[in-house]
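The values are calculated or read from the model by the stated rules, or taken from the named source; none is laboratory data. Here the structure is a predicted model, which is why all the values come from computation and not from measurement. Cβ atoms come from the backbone with ideal geometry, glycine included; neighbour counts cover every protein chain shown.
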Amino acid sequence: MNGFVRRFRRTLVCASACVTAGAFLVPATDSIHGETHRAQELVISEPRINDRIRVPEVRLVGPGGEQVGVVPLKDALRLAEDAELDLVEVAPNAKPPVCKLMDYGKYKYEAAIKARESRKKQANAVLKEIRFRLKIDTHDYETKVGHARRFLSGGDKVKAMIQFRGREQQRPEMGVRLLERLAAELAEVSTVESRPRQDGRNMVMVLAPLRGKAEARREQGAGGRKGRERIDTTKAKPVTNSLADAMPAELKAQASAE
């Protein structure tokens, strides 16, 4: 019993010492400190602008992308103030850092719109998988190419996969040639997002559509509306059931002479 008490007391002493030394730190969970961490990440990810830039000189780029050259920081800040623009550090690791004159508020707004559109396209795009055999016959190959073309034209990505069997794994160059042939035949509707790569017994290539899903749907809708256009019947000839009206002119003349 006394031994247990002594061990318990030593545990308390060690715990107290660790707390005093700051060894016990409460992990910051999302429910408690998530917002703080996200705010810190946001601050870290944003570039330094104007008075937050702390270097003696910068390599200055004009608002139109023109190269001004290396200038003292105070001169760059003065130029930004005169032009009613912001001095933004775009390459902090360069020597000296590269800064650009721009409207930072407008830049952030446009960047947010682009990021939102990019996320929307990624969310809408579906990865369609089409499997090939290395020794595929012409009919099956053309059928699968047609499927891939339809998926890509609809705004979806295509994952082309070749499944190797037995000794076929020793001929990966044949798989590369087959996938490159596929990419060439679908070049008008797609671009290669991921080049052919070996993945165990398989070889994979990813094709991305040249247009987004929303754009494809708009074009399909426009095509459907065009196909349903009303026909102008105001200039059409009246419908007749007379056999004489349907006869050629020569036969009409012959019939009249008789």
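Structure values in brief
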quantity	calculated
Hey, L182 out of contact with any Ser or Thr (no Cβ under 9 Å at 6 or more places or on another chain), assigned to a helix (DSSP H, G or I) and buried (at least 18 other Cβ atoms within 10 Å of the Cβ) or not	yes
Matching option when the condition is in contact with a helix residue (DSSP H, G or I) (Cβ under 8 Å, 6 or more places away or on another chain) and either outside any strand (DSSP E or B) or surrounded by fewer than 12 Cβ atoms within 10 Å (Cβ to Cβ) (or both), among A94, A112, A76, A80	A80
Residue ID - surrounded by the most Cβ atoms within 10 Å (Cβ to Cβ), chosen from residues in the stretch 127-150 that are touching a residue at least 40 places away in the same chain (Cβ under 8 Å) and in contact with a strand residue (DSSP E or B) (Cβ under 8 Å, 6 or more places away or on another chain)	A148
Scan of the stretch 50-65 for residues that are surrounded by 10 or more Cβ atoms within 10 Å (Cβ to Cβ) and more than 28 Å from the chain's Cα centre (by Cα), ordered by number	N50, R52, I53, V55, E57, V58, R59, L60, V61, G62
Failed item in (1) touching a residue at least 12 places away in the same chain (Cβ under 8 Å); (2) surrounded by 13 or more Cβ atoms within 10 Å (Cβ to Cβ); (3) not assigned by the TED database to the domain that holds S194, with I162 passing the rest	(3)
